[in-house]
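Peer 1: Quick one: structure below, then a few questions.
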Amino acid sequence: MSRFTRFINFFRTKKNIAIDLGTSNVLIYDKQRKKIVLNEPSILVKDKKSGEIVAIGTEAKEMLGKTSDSLVVIKPLSEGVISDIDATREMLNIFVKRIYGGSPFRPEIMICVPAQVTSIERRAIFDAAIGAKKIYLIEEGRAAVLGSGVNISLPEGNTVIDIGGGSTDIAILSLDEIITSKSIRVAGNNFDQDIIKYVKKKFDLLIGDKTAENLKKEIGTAMVVSGDENITTTIKGRDLTTGIPKVIEINSNQVREAIEDSVNEIITALKEVLEQCPPELSADILNNGVVLTGGGSLLRNFDKLIEERVQIPINRSTNSLESVVMGGGLAFDNKKLMRTLEMREI
């Protein structure tokens, strides 16, 4: 097949892509290729004077906390929704060109959003998806449970907790529909900020976002641990008293103490959703358990803590970081579900 023939066939092929516009990462799933074609941090670095984009994605994240006054770091998504629409458009445009090249094409796009976004936030999401033929919005909870391999078309209840970077979505689903749900703006990024505040208060030490995130991932825990599980590590920061660099030790239980309030908020939200569950579905939820997914759910012992608090089996998704965008891609094949989604045709 010649290069020209492949070029023509590319544009004849219907393109369906799903986008998880996450506070921490943007993921793009190509339905025709049946794989995730992009997973990059949702960060831009711009030159203040010229407005030129200096770095994007992984490269931009590496520059966090290390830029000069002539550069500005932009995180265009906050708490699961768009906070800077122009930067979001620029970011998506660059990412799409990186995957598909500069040639124009008009895909159908499935964008995954928190369950309780406002009408203004929805409009911003539609406006950010430039060049699309059709744009669909699917709730992150519904996408996450689909992407975790659960058949939500059956007449039985399934529950999901999707803990992302900026928001947590909790939903009970049956027959492709959301029966009850709740979205809160507490998630993985809140854990990072909790750790920064804790270290500042307890040790009089200032640390950055990357250090806090690494602490959470490497030694964090949702439950009190003992023995070898209570891992101790060292972190570096700026002493707020002397103003010079300093090294301190911190352990897993101290990280747990730092994030305790945010963890409890998520569990409280889950209890509120379960309390609204119709009696007919309660038995199903006890049998099926709750699907726990999203990057924030990877916190050590989080599943055990939730199970202990709500007395319902917790099933960790095998693809927690990718379940939302995978589910967004799978939604294209579910005609009944597609009819329930908000859609805009361009």
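The values are calculated or read from the model by the stated rules, or taken from the named source; none is laboratory data. Being a predicted model, the structure only gives us computed values, none of them experimental. Cβ placement follows ideal geometry from the backbone for every residue including glycine, while neighbour counts extend to all protein chains displayed. Each accessible area value is taken on the protein alone, full model and side chains, heavy atoms only, with ligands, DNA and RNA left out. Shrake-Rupley method; radii C 1.70, N 1.55, O 1.52, S 1.80 Å.
Peer 1: Tell me, which residue of the stretch 214-232 that is in a helix (DSSP H, G or I) and without any contact (Cβ under 8 Å) to a residue 24 or more places away in the chain is nearest to Glu308 (Cα to Cα)?
Peer 2: Glu229
Peer 1: Go through the residues of the stretch 268-279 one by one and say whether even a single one is free of Cβ contacts under 8 Å to residues at least 12 places away in the same chain and either among the polar types (S, T, N, Q) or in contact with a helix residue (DSSP H, G or I) (Cβ under 9 Å, 6 or more places away or on another chain) (or both). Break it down stepwise before answering.
Peer 2: Restricting attention to the stretch 268-279, the residues satisfying the condition of being free of Cβ contacts under 8 Å to residues at least 12 places away in the same chain are 268, 275, 279.
The next check asks that each one be either among the polar types (S, T, N, Q) or in contact with a helix residue (DSSP H, G or I) (Cβ under 9 Å, 6 or more places away or on another chain) (or both); those that pass are 268.
So far as the stretch 268-279 goes, yes, one or more of its residues are free of Cβ contacts under 8 Å to residues at least 12 places away in the same chain and either among the polar types (S, T, N, Q) or in contact with a helix residue (DSSP H, G or I) (Cβ under 9 Å, 6 or more places away or on another chain) (or both).
Peer 1: So which strands (runs of 3 or more DSSP E) are wholly in the stretch 274-346 and hold at least 3 residues that are at pLDDT 95 or above and either crowded, with 17+ Cβ neighbours inside 10 Å or of a type in the set (Phe, Trp, Tyr) (or both)?
Peer 2: Working: elements: 290-293, 314-316, 342-345.
Because the criterion is at least 3 residues that are at pLDDT 95 or above and either crowded, with 17+ Cβ neighbours inside 10 Å or of a type in the set (Phe, Trp, Tyr) (or both), the strands (runs of 3 or more DSSP E) in the stretch 274-346 that meet it are 290-293.
Peer 1: Take the residues in the stretch 91-115 that are closer than 16 Å to Val324 by Cβ and part of a loop (DSSP other than H, G, I, E, B), then tell me which one is modelled with the highest pLDDT.
Peer 2: Pro114
Peer 1: Now a separate question. Would you check which residues across the stretch 159-203 are among the β-branched types (Val, Ile, Thr) and in a loop (DSSP other than H, G, I, E, B) and list them? Let's see the steps before the verdict.
Peer 2: Step one: filter the stretch 159-203 for residues among the β-branched types (Val, Ile, Thr), giving 159-161, 163, 168, 170, 172, 178-180, 184, 186, 195-196, 199.
Once the filter is applied, which keeps residues that are among the β-branched types (Val, Ile, Thr) and in a loop (DSSP other than H, G, I, E, B), the stretch 159-203 yields only Val186.
Peer 1: Same structure, new question: Would you check if Val255 is within 20 Å of the chain's Cα centre (by Cα), buried (at least 16 other Cβ atoms within 10 Å of the Cβ) and at pLDDT 95 or above? Even if it seems obvious, please write down each step before you answer.
Peer 2: Values: within 20 Å of the chain's Cα centre (by Cα): no; buried (at least 16 other Cβ atoms within 10 Å of the Cβ): yes; at pLDDT 95 or above: yes.
Against the criterion (within 20 Å of the chain's Cα centre (by Cα), buried (at least 16 other Cβ atoms within 10 Å of the Cβ) and at pLDDT 95 or above), Val255 does not qualify.
Peer 1: If you don't mind, another one. Among the residues of the stretch 71-90, how many are over 24 Å from Thr211 (Cβ atoms) and assigned to a loop (DSSP other than H, G, I, E, B)?
Peer 2: Here is the first cut: in the stretch 71-90, the residues over 24 Å from Thr211 (Cβ atoms) are 81-82, 84-90.
Add one more test, that the residue is assigned to a loop (DSSP other than H, G, I, E, B), and what stays is 84.
Summing the residues that are over 24 Å from Thr211 (Cβ atoms) and assigned to a loop (DSSP other than H, G, I, E, B) in the stretch 71-90 gives 1.
Peer 1: Also, quick follow-up: Being surrounded by 18 or more Cβ atoms within 10 Å (Cβ to Cβ) and in contact with a helix residue (DSSP H, G or I) (Cβ under 7 Å, 6 or more places away or on another chain) is true for just one of Ile125, Ile161. Which residue is that? Steps first, answer last, please.
Peer 2: Details: Ile125 fails: in contact with a helix residue (DSSP H, G or I) (Cβ under 7 Å, 6 or more places away or on another chain).
When all the criteria are applied, what remains is Ile161.
Peer 1: Those residues that are assigned to a loop (DSSP other than H, G, I, E, B), open to solvent by 50 Å² or more (accessible area, probe 1.4 Å), free of Cβ contacts under 8 Å to residues at least 60 places away in the same chain and not charged (D, E, K, R), I need them from the stretch 23-66; list them, please.
Peer 2: Across the stretch 23-66, the qualifying residues are Gln32, Ser50.
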